[in-house]
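Comments concern the structure below.
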Amino acid sequence: MCRPSRGISASNSRRWSVVSDASSLTRPVVVFDGACGFCTWCVHAAQRYVGSDVSYVPYQRADLPSLGITEAQAADSVQFIAPGYVRSGARAVAAILSMGHEPWPLVAGILDARALRPFAERGYRFIARHRGRLPGMPPALG
């Protein structure tokens, strides 16, 4: 589990909605680890700086089977779910960035370029393994 860092506070308990059906999505959904302070911080940063038109939901509050993912997948890495496809890990991050305002789509294109994709995924895996040691904010489920 991730530990929250000091200094940043937020009212998280009412902020995250429950997503229950992928077929009725009106916009993409990002499923993240709501018990992780670093993951919660990343979501807040994406909302503030990237401006992607996506919904964010902690996997602990999502109806994962109806979204087409398992709890193990959601616990392992961030998931970007849109009608017709799911992206995980670094590809999910690239999908979030691709929906943002400039310069984020350009950054997404670089991250998701076929030649760089393996390096982006290795970087994502490294961060995911060490996320409990990274600074963040109070978890979304805190």
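Rounded to whole numbers, the Karplus 3J(HN,Hα) couplings from phi for region 82-89 are 10, x, x, 7, 10, 10, 10, x Hz, using 6.51 cos²θ - 1.76 cosθ + 1.60 with θ = phi - 60°, and x at Gly and Pro.
Taken along the Cα-to-beta-carbon direction at a fixed 7 Å, the label points for residue 76 and residue 27 span 2.9 nm. Taking a quarter of the surface of the Cα convex hull of region 25-130 gives a mean projected area of 6.4 nm².
The numbers here are math on the coordinates, done by the rules we state, and not lab data. What you see is a predicted model; the values in this text were computed from it and never measured. Because the Cβ atoms are built from the backbone with ideal geometry, glycine has one as well, and the counts that use them run over all protein chains shown.
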